[in-house]
Amino acid sequence: MKKFLVYCDYGTSEHCLKELVRFLDRKQCIYELITAEEIRSNYLDKNPSAVLCFGGGFDLGFLSCLGQEGCRSIKNFVYSGGAYLGICAGAYFACKNIEFDLNGPLEVKGERLGFFNGIAKGPINRNFAYNCEDYSAAVELRVKSGEQVFAYLNGGCFFEPKDNHYSSLLVYSGAQNGHDLIECNGKMAVLETKFGMGKCVLSGVHFEMDVEGLDLGNDNVIKNVLPNLAQNKFDTGDLILSLFGD
């Protein structure tokens, strides 16, 4: 079974890290936490077939903590055959360009790792605020095979490609379900791409989160998120883990 190396340093949301680890535990995956210093110190070279995971948080934190040396180490690791899993902030971080809250108070834009030759655009939640679930959503997605599924969204993105070197795995289906979201019907929510000899899977939604990981004291979560997540019969997490093989 693949080993997952989970980034746990500056830029990571404590809540998102907890839920990613809980997801890997639930799926009986082998994992360990990894710091920016370990990445800069070529720890990735000792785990050439591992899956490096960056979860939710804020990618400016990733950038400042890793520095150019750490980012270069990640790119070399994937290019040489390693794998990368990016969720929400980790997905923004992996794209060629990021456009987050353009012309708004949280605006972030610029170039990033470039595993996906395209733009990560968000947040899809119009009134997104960090460390807050008041405007989070359970969005409806369509799987490549045709199934419909709900996933947790809080600050996530859709992906706009600049070429055709990718595979779209799930798209936003357009159902608003009472949430105030930007138009993203038919846009990519989860994709798979190659970078050199390595594989990258990027998700704008938090497929790793289930009802137990949400704030059950939040009115928005109770009214608008939980009822939809409870309908799920398709396990997006299993699909994504299967892409990395044994």
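Being within 22 Å of Tyr130 (Cα to Cα) and outside any loop (DSSP other than H, G, I, E, B) is the filter here, so list the residues in region 95-110 that pass it. Matches in region 95-110: Cys95, Asn97, Ile98, Glu99, Phe100, Val108, Lys109, Gly110.
Comparison of Lys121, Lys96 shows that the only residue that is open to solvent by 10 Å² or more (accessible area, probe 1.4 Å), charged (D, E, K, R), within 28 Å of Phe234 (Cβ to Cβ) and at pLDDT 95 or above is Lys121. Just one of the listed residues (Ala129, Ala138) is modelled with pLDDT under 95, over 18 Å from Glu160 (Cα atoms), small (Gly, Ala, Ser) and open to solvent by 30 Å² or more (accessible area, probe 1.4 Å), and it is Ala129. Just to be sure, is Phe62 assigned to a helix (DSSP H, G or I), crowded, with 23+ Cβ neighbours inside 10 Å and touching a Lys or Arg at 6+ places or on another chain (Cβ under 6 Å)? Considered against the rule, which asks whether it is assigned to a helix (DSSP H, G or I), crowded, with 23+ Cβ neighbours inside 10 Å and touching a Lys or Arg at 6+ places or on another chain (Cβ under 6 Å), Phe62 comes out as no. Checking each residue in region 192-218 for being over 12 Å from Ala151 (Cα atoms), in contact with a Gly (Cβ under 6 Å, 6 or more places away or on another chain) and crowded, with 16+ Cβ neighbours inside 10 Å picks out Gly198, Leu202. The listed residues are Thr12, Thr35, and the only one of them that is in contact (Cβ under 8 Å) with a residue 12 or more places away in the chain, open to solvent by 30 Å² or more (accessible area, probe 1.4 Å) and under 21 Å from Ala120 (Cβ atoms) turns out to be Thr12. Inclusion of Leu20 among residues that are under 25 Å from Pro123 (Cα atoms), at pLDDT 95 or above and either in a loop (DSSP other than H, G, I, E, B) or open to solvent by less than 10 Å² (accessible area, probe 1.4 Å) (or both) is warranted.
The values are calculated or read from the model by the stated rules, or taken from the named source; none is laboratory data. As the structure is a prediction and not an experimental result, all values here were calculated from the model. When we count neighbours, we look across all protein chains shown, and the Cβ atoms used for this are built from the backbone with ideal geometry, even at glycine. For accessibility, only protein heavy atoms count, side chains too; no ligands or nucleic acids. Shrake-Rupley method; radii C 1.70, N 1.55, O 1.52, S 1.80 Å.
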